[in-house]
Amino acid sequence: MTLKKALSVLKKDAEFCGMEFNQYLGTVGMHRGAFPSVVLAAFDTYAEHKLEQTKAELGLDIIDDEYKQLECK
């Protein structure tokens, strides 16, 4: 799913739920079982994009290295 499509899905569902976007994202993150799979896929796409964006802004390649170490264990 593209980021554009993910944002569209999330914004429409947030509006449907009557929630502010950031509050809605927190709710989806905490209560994943209560949302349809398309919303979860959109949330995961959005979260992955935000993680990559944050890592690029902060220059954090350490996160990838630590994750790879955990995968090997």
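The criterion of being at pLDDT 95 or above and open to solvent by less than 80 Å² (accessible area, probe 1.4 Å) holds for residue 42.
So which residues in the range 2-39 are outside any helix (DSSP H, G or I), loosely packed, with under 13 Cβ neighbours inside 10 Å and of a type outside the set (Val, Ile, Thr), if there are any at all? Selection gives 18, 20, 31, 36. Residues in the range 22-53 that are in contact with a Ser or Thr (Cβ under 9 Å, 6 or more places away or on another chain) and either among the acidic types (Asp, Glu) or closer than 11 Å to residue 3 by Cα (or both): 42, 45.
The values are calculated or read from the model by the stated rules, or taken from the named source; none is laboratory data. Bear in mind the structure is a predicted one, so any value in this text is a computation, not a measurement. Please note: Cβ atoms are built from the backbone with ideal geometry, for glycine as well, and neighbour counts cover all protein chains shown. The area values use the complete protein model at the heavy-atom level, side chains included, leaving out ligands, DNA and RNA. Shrake-Rupley method; radii C 1.70, N 1.55, O 1.52, S 1.80 Å.
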